[in-house]
Amino acid sequence: MTARLLERFARTKLGFFPSPVHPLPRLSKALGVEIWAKRDDVSSGLAFGGNKIRKLEFLAAEALANGCDTLVSIGNIQSNHTRQVAAVAAALGMRAVLVQETWTEWPDEAYATTGNILLSRIVGAECILEGRGYSTAVKETWEEAIESVKRQGGKPYAVPAGASDHPLGGLGYAAFAEELAHQEEELGFRFDTVITATCTGSTQAGMIVGFRAEARDRRVIGMDTAADAAMTRAAVTKIARATADLIGLNRAIRDEDVLIDPRFAGPAYGLPDAATIDAIRMAGRLEGMLTDPVYEGKSMAGLIAMARNGELPAKGKVLYVHLGGAPALSAYHSAFA
Ligand SMILES: Cc1ncc(COP(=O)(O)O)c(C=O)c1O
């Protein structure tokens, strides 16, 4: 268990945790596998929340302790991450400066003005539309944004893409594992398979670390959404090992702990394929649960395909971790026309 290991890290409360865990009975019946959802998509009141809120609880605490007044981050135009940074900054009385890159070409006029970026602007973020291509590398545009805050007399706090490649980036989801273990105690059973979307890596990495602290192993399957499973694997492995070191976990993170499934990423980051769109419709129509074309629709497509292929235990219980993302749906309205 990680609670003792995480105690020494300051945390700013930004969400309503524990996030709910509930069964998905109609989806389970349709797929012949018992599926539950853990709803990190409905765990914060900050501009619809999502998985970055858990991570930002740790980063924001450090930003406040260091006397910073501006969060500077980077992501795609339709980044859920930058939207959550924007909302956290607003709630803490800080500025948010966001570099919004073009990570994907989605041929819709509204793509660059609606969905996440609209919400970021409403909560007061300054959005700089600059840069192209998905990569977890440090970008000059982001460094320049940080410098420009300094030139203006501000004190920036740098939040990398996805709040991932940051010393504290894995802590939020390491804590998630402990939270889930308490919920399982109340439920009286344990999930043997956990399915999550993965991209910049610290969500899955944190879970791996948190679950590794438990007595029994469980399978955490990261459905790649970057359409570059090697890059995703490298990011998850690096962050998991750094987080394990940081918290003083006394068990090594093994290569086999990092499971990345490349099959459901679609043609590119941010581009859904037919399976993604079908999965979004299926979860919506059977459970009223909204998923998105960039992340959760892809992990849902993976879950559905694995259930249909007999790759999930018919007698076990599968946990689908819902990480948010539905605020991007309006930017993809033409996919559902
Ligand atoms: C909705 C949603 N799901 C999944 C992910 C993937 O999480 P991570 O970047 O920590 O791998 C993200 C962010 O990138 C996201 O916004």
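Read the figures in this text as sums done on the coordinates, not as results from a lab. All values reported here derive from a predicted model rather than from experimental measurement. Reconstructed Cβ throughout: ideal geometry from the backbone, glycine too, with neighbour counts over all protein chains shown.
Is the shape of the stretch 182-260 best called rounded, prolate or oblate, per the rule: a/c under 1.5 gives rounded, else a/b larger than b/c gives prolate, else oblate, with a ≥ b ≥ c the square roots of the Cα gyration tensor eigenvalues?
In terms of gyration-tensor shape, oblate.
Could you tell me, in Å, what Rg and Dmax come out for the Cα atoms of the stretch 52-163?
Calculated on Cα positions, Rg and Dmax stand at 13.1, 43 Å.
Arrange the following residues from fewest to most other Cβ atoms within 10 Å of their Cβ: Val42, Val159.
Ordered from fewest to most neighbouring Cβ atoms within 10 Å, Val42, Val159 come out as Val42, Val159.
What is the sum of charges, Lys and Arg at +1 and Asp and Glu at -1, for the other residues whose Cβ falls under 15 Å from the Cβ of Ser44? Each step should come with its number before you reach the end.
Numbers: positive: Arg11, Lys13, Lys38, Arg39, Lys52, Arg54, Lys55, Arg83; negative: Asp40, Asp41, Glu57, Glu179.
Surrounding charge for Ser44 is +4.
Relative contact order for the chain: what is it in percent, counting Cα pairs under 8 Å that are at least 6 residues apart?
22 percent
Defining a contact as two alpha carbons under 8 Å apart and six or more residues distant in sequence, what relative contact order in percent does the stretch 161-252 show?
After rounding, I find 35 percent.
Compute the Cα gyration tensor for the chain, then decide on rounded, prolate or oblate, letting a ≥ b ≥ c be the square roots of its eigenvalues: rounded whenever a/c is under 1.5, prolate when a/b is larger than b/c in the other cases, and oblate in all that remain. Could the numbers behind the result be given before it?
Numbers: a/c = 1.70, a/b = 1.21, b/c = 1.41.
Oblate, since a/c reaches 1.5 and b/c is not below a/b.
Along the charge dipole of the stretch 161-215, which of Ile195, Ser164, Gln183 sits closest to the positive end, that is, farthest toward it, with unit charges on the beta carbon of Lys, Arg, Asp and Glu (+1, +1, -1, -1)?
Of the options given, the answer is Ser164.
So for the chain, taking the charge dipole from beta-carbon charges (+1 Lys/Arg, -1 Asp/Glu), which of Val294, Val42, Ile117 sits furthest toward the positive end?
The residue sitting farthest along the positive end of the dipole is Val42.
Where a ≥ b ≥ c are the square roots of the eigenvalues of the C-alpha gyration tensor, would you call the stretch 213-297 rounded, which needs a/c under 1.5, or, failing that, prolate if a/b is larger than b/c, or oblate?
Working: a/c = 2.99, a/b = 1.87, b/c = 1.60.
Prolate, because a/c is 1.5 or more and a/b exceeds b/c.
Where both residues lie in the chain, what percent of DSSP beta bridges are antiparallel, nearest 5?
10 percent
What does the charge dipole of the stretch 52-163 about its Cα centre add up to, to the nearest 20 debye, if the Cβ of each Lys and Arg holds +1 and the Cβ of each Asp and Glu holds -1?
Charge dipole, the stretch 52-163, about its Cα centre: 360 debye, nearest 20.
Could you size up the charge dipole of the chain around its Cα centre, putting +1 on the beta carbon of Lys and Arg and -1 on that of Asp and Glu, and report it in debye to the nearest 20?
Roughly 600 debye for the chain.
Let me spell out the model: positive unit charges on the Cβ of Lys and Arg, negative unit charges on the Cβ of Asp and Glu, origin at the Cα centre of the stretch 183-337. What dipole size does that give, in debye rounded to 20?
About 160 debye.
Where Lys and Arg each count +1 and Asp and Glu each count -1, what net charge lies around Gly297 among other residues with Cβ under 10 Å from its Cβ?
That works out to -2.
Could you name the aspartates and glutamates whose alpha carbon sits less than 13 Å from that of Lys29, not counting residues in the same chain fewer than 8 places away?
The qualifying aspartates and glutamates are Glu287.
Alpha carbon centre of the stretch 79-118 versus the stretch 225-299: separation in Å?
Here the answer is 21 Å between Cα centres.
Going by how many other beta carbons lie within 10 Å of each one, how would you line up Asp165, Asp224, Asp108, fewest first?
In increasing order of surrounding Cβ atoms, one gets Asp108, Asp165, Asp224.
Quick check: net charge around Glu179, other residues with Cβ under 13 Å of its Cβ, Lys/Arg +1 and Asp/Glu -1?
Counting the neighbours of Glu179, the net charge comes to -3.
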